[in-house]
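*Asks:* Below you'll find the structure I mean.
The values are calculated or read from the model by the stated rules, or taken from the named source; none is laboratory data. Since the model is a prediction, treat every value here as computed from it, not as a measurement. Counting neighbours? That spans all protein chains shown, and the Cβs are built from the backbone with ideal geometry, glycine included. Just so you know, the surface numbers come from the protein's heavy atoms only, side chains and all, with ligands and any DNA or RNA stripped out. Shrake-Rupley method; radii C 1.70, N 1.55, O 1.52, S 1.80 Å.
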Amino acid sequence: MATGAPLSDVLRAAALVWVRVCRGRALDRALQEELRPDSATQLQAAVRDVCHDALRRRALIEALLQRLIARAPAPQVGGLLAVALSQLLDGAYREHVLVDQAVAATQAARRMRGSSGFVNAVLRSFLRRRAALVPQLLLDEATRLNVPRWWLQRIRHDHPGQWESVLACGAHAPALVLRVNRRRCDVDTYLALLHEQEIAASRVGPQAVRLHRPRPVARIPGFTEGLVSVQDAGAQLAAPWLQAGDGMRVLDACAAPGGKTGHLAELSDAQIDAVELDPERARRVTENLRRLGLMEPRVRVLTADASDAASFWDGRPYQRILLDAPCTASGIVRRHPDIPWLRRESDVAQLTTLQARLLDALWPLLAPAGRLLYVVCSVFREEADQQADSFLERHPDARLAPLPGAPHGWHQLLPTGAGPVEPGHIAGLPTEFDGFFFALFEKV
């Protein structure tokens, strides 16, 4: 990891973020809280990279600390050791430079003063014992695949043939995938624009372009002008699969941050109601639509509870409903490596109950012959096909509508990398995507 920010400053800030995440804070929120808005851009980017790297090794780091330390140190010191160990494992810096900078970080932080010798001793002990200690600890599957044991057991039970590859995807940084706004540009034209600026990219879906090297959003050509949006290629399937036509009334429930809302508006002149419970997240939907040039009267952003139809519905039925339901987010761990550590096993049942409540609340709003697309970024079957089966049992007027290449009437996409397309790949699907489940219900 190359950075223009002083490494000691990066490690010190990352240590404080680590502490917040270990106390149950989401990584993105912890970064916002720990890094002031006026922090240098280089520092913010470097701290974010270090935190992501550390969380992708959290199980190994915690196992190492248990072996290296007899008694737990102060939280901030433990956080500094964690992020420093991650960087030593990564090999991004010369070992002596990393250790020296970690020691310097203790001297510059009030809560870590007096721990310089301790930090130095622990890191040098790791370097001496690394060759024997790391391979031994990685023999444990949960440590090697960096998830809590209950998470590993659930994935292995739900996907006995692919569990290891699904979990292994979480260990790698995700690709930066864009969706080209077809109202302003086509994919070939945008790829030519990138080529002119010597930015390597390739097409990975009908409107999806993968940048071979990630870059800050502000430096993505055409982003500010609304030519493209950042959206995983798997998530880009939702809008076209809903098949909303011009003039249809469409409900996008749980709409934030607005990626699918924008995609729906790009594909047709449907009348769209985007419902979001959280006011701040609803503002993000509006901002995204304005950037895309799609904030017209035909798209309304409503701050309301999608499970309470009376809070937003005017009584006129919708021909199409998109429900991107709250879920464990078990399919997007590589983008959010804190997720397995923030979730509890009991959360799965709670979220499944919420998903069922949303489905049951929205189904009466759908017109006869209308379609509702249920989407979760999860690979847990309780939230996916089992949820779809339960919904069909509760609603005899619902049936599964066909989806491309879906033998069961629904699609479970398991996360894939940027390698060669595997045998059996379904034509029309993107070649690289996160984990998603789709079920398209039709009212009969």
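*Asks:* Looking at (1) crowded, with 17+ Cβ neighbours inside 10 Å; (2) under 26 Å from the mean Cα position of the chain (by Cα), which is the one condition that is false for Leu65?
*Replies:* With (1) crowded, with 17+ Cβ neighbours inside 10 Å; (2) under 26 Å from the mean Cα position of the chain (by Cα) applied to Leu65, the lone miss is (2).
*Asks:* Sticking with this structure for a sec: Does Leu43 meet the test of being of a type outside the set (Val, Ile, Thr) and modelled with pLDDT of 95 or more?
*Replies:* no
*Asks:* Next question. Please work out if Leu372 is under 13 Å from His395 (Cβ atoms), in contact with a strand residue (DSSP E or B) (Cβ under 7 Å, 6 or more places away or on another chain) and assigned to a helix (DSSP H, G or I).
*Replies:* Answer is no for this residue.
*Asks:* For the condition hydroxyl-bearing (Ser, Thr, Tyr) and in contact (Cβ under 8 Å) with a residue 60 or more places away in the chain, what is the one hit in Thr261, Thr224?
*Replies:* Thr224
*Asks:* Within the range 109-139, count every residue that is outside any helix (DSSP H, G or I) and surrounded by fewer than 16 Cβ atoms within 10 Å (Cβ to Cβ). Write out each step before concluding.
*Replies:* To start, the set of residues in the range 109-139 that are outside any helix (DSSP H, G or I) comprises 109, 113-115, 138-139.
Retained after the next criterion (residues that are surrounded by fewer than 16 Cβ atoms within 10 Å (Cβ to Cβ)): 113-114, 138-139.
Matching residues across the range 109-139 total 4.
*Asks:* Which residue pairs have Cβ atoms closer than 6 Å, lie 6 or more positions apart in sequence or on different chains, and pair a first residue in the range 74-93 that is among the β-branched types (Val, Ile, Thr) with a second residue that is open to solvent by less than 20 Å² (accessible area, probe 1.4 Å)?
*Replies:* Val77/Met112; Val77/Ser115; Val83/Leu11; Val83/Ala14; Val83/Ala15; Val83/Val50; Val83/Ala54
*Asks:* Here's something else I'd like to know. Spot the failing condition for Ala361; the list is (1) in a loop (DSSP other than H, G, I, E, B); (2) closer than 20 Å to Val250 by Cβ; (3) touching a residue at least 40 places away in the same chain (Cβ under 8 Å), and only one is missed.
*Replies:* Unmet for Ala361, out of (1) in a loop (DSSP other than H, G, I, E, B); (2) closer than 20 Å to Val250 by Cβ; (3) touching a residue at least 40 places away in the same chain (Cβ under 8 Å): (1).
*Asks:* So Trp341 clears everything in (1) surrounded by fewer than 22 Cβ atoms within 10 Å (Cβ to Cβ); (2) under 28 Å from Trp313 (Cβ atoms); (3) among the aromatic types (Phe, Trp, Tyr) except one condition, right? Which one?
*Replies:* Status for Trp341: all satisfied but (2).
*Asks:* So which helices (runs of 4 or more DSSP H) are wholly in the range 169-278 and hold at least 3 residues that are more than 30 Å from Pro368 (Cβ to Cβ) and open to solvent by 30 Å² or more (accessible area, probe 1.4 Å)?
*Replies:* Fully inside the range 169-278 and qualifying: 187-196.
*Asks:* Any chance you could count how many residues in the range 289-308 are open to solvent by 20 Å² or more (accessible area, probe 1.4 Å) and closer than 22 Å to Leu358 by Cβ?
*Replies:* Within the range 289-308, residues that are open to solvent by 20 Å² or more (accessible area, probe 1.4 Å) and closer than 22 Å to Leu358 by Cβ number 7.
*Asks:* I'm trying to understand the selection: among the residues of the range 150-168, which are part of a loop (DSSP other than H, G, I, E, B) and open to solvent by less than 50 Å² (accessible area, probe 1.4 Å)? Steps first, please.
*Replies:* If we filter the range 150-168 for residues that are part of a loop (DSSP other than H, G, I, E, B), which is where we start, we get 159-162.
The answer is His159, and nothing else.
*Asks:* Could you check the range 140-149 and list, in sequence order, the residues that are touching a residue at least 12 places away in the same chain (Cβ under 8 Å) and loosely packed, with under 15 Cβ neighbours inside 10 Å?
*Replies:* Asp140
*Asks:* What is the residue count in the range 124-137 for residues that are over 13 Å from Gln66 (Cα atoms) and not small (Gly, Ala, Ser)?
*Replies:* Adding up the residues that qualify gives 7.
*Asks:* Pairs needed: first member in the range 231-243, touching a residue at least 24 places away in the same chain (Cβ under 8 Å); second member anywhere, in a loop (DSSP other than H, G, I, E, B) and hydrophobic (A, V, I, L, M, F, W, C); C-beta distance under 7 Å; at least 6 residues apart or different chains.
*Replies:* Hits for this filter: Asp232/Phe433; Ala233/Val204; Ala233/Phe433; Gly234/Phe433; Trp241/Leu403.
*Asks:* Within the range 389-409, can you find the residues that are outside any loop (DSSP other than H, G, I, E, B) and in contact with an Asp or Glu (Cβ under 6 Å, 6 or more places away or on another chain)?
*Replies:* Arg399
*Asks:* Would you be able to say whether some residue in the range 314-328 is of a type outside the set (A, V, I, L, M), out of contact with any Gly (no Cβ under 6 Å at 6 or more places or on another chain), in a strand (DSSP E or B) and over 30 Å from Pro148 (Cβ atoms)?
*Replies:* yes
*Asks:* Within the range 50-57, is there a residue that is within 18 Å of Thr106 (Cα to Cα), of a type in the set (Val, Ile, Thr), modelled with pLDDT of 95 or more and surrounded by 24 or more Cβ atoms within 10 Å (Cβ to Cβ)?
*Replies:* Yes: one or more hits.
Results for (1) free of Cβ contacts under 8 Å to residues at least 40 places away in the same chain; (2) touching an Asp or Glu at 6+ places or on another chain (Cβ under 7 Å); (3) within 24 Å of Val147 (Cα to Cα); (4) not hydrophobic (A, V, I, L, M, F, W, C), shown as yes or no for each residue.
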position: Glu33; (1), (2), (3), (4): yes, no, no, yes
position: Gln42; (1), (2), (3), (4): yes, no, no, yes
position: Arg58; (1), (2), (3), (4): no, no, yes, yes
position: Val103; (1), (2), (3), (4): yes, no, no, no
position: Gly117; (1), (2), (3), (4): yes, no, no, yes
position: Arg124; (1), (2), (3), (4): yes, no, no, yes
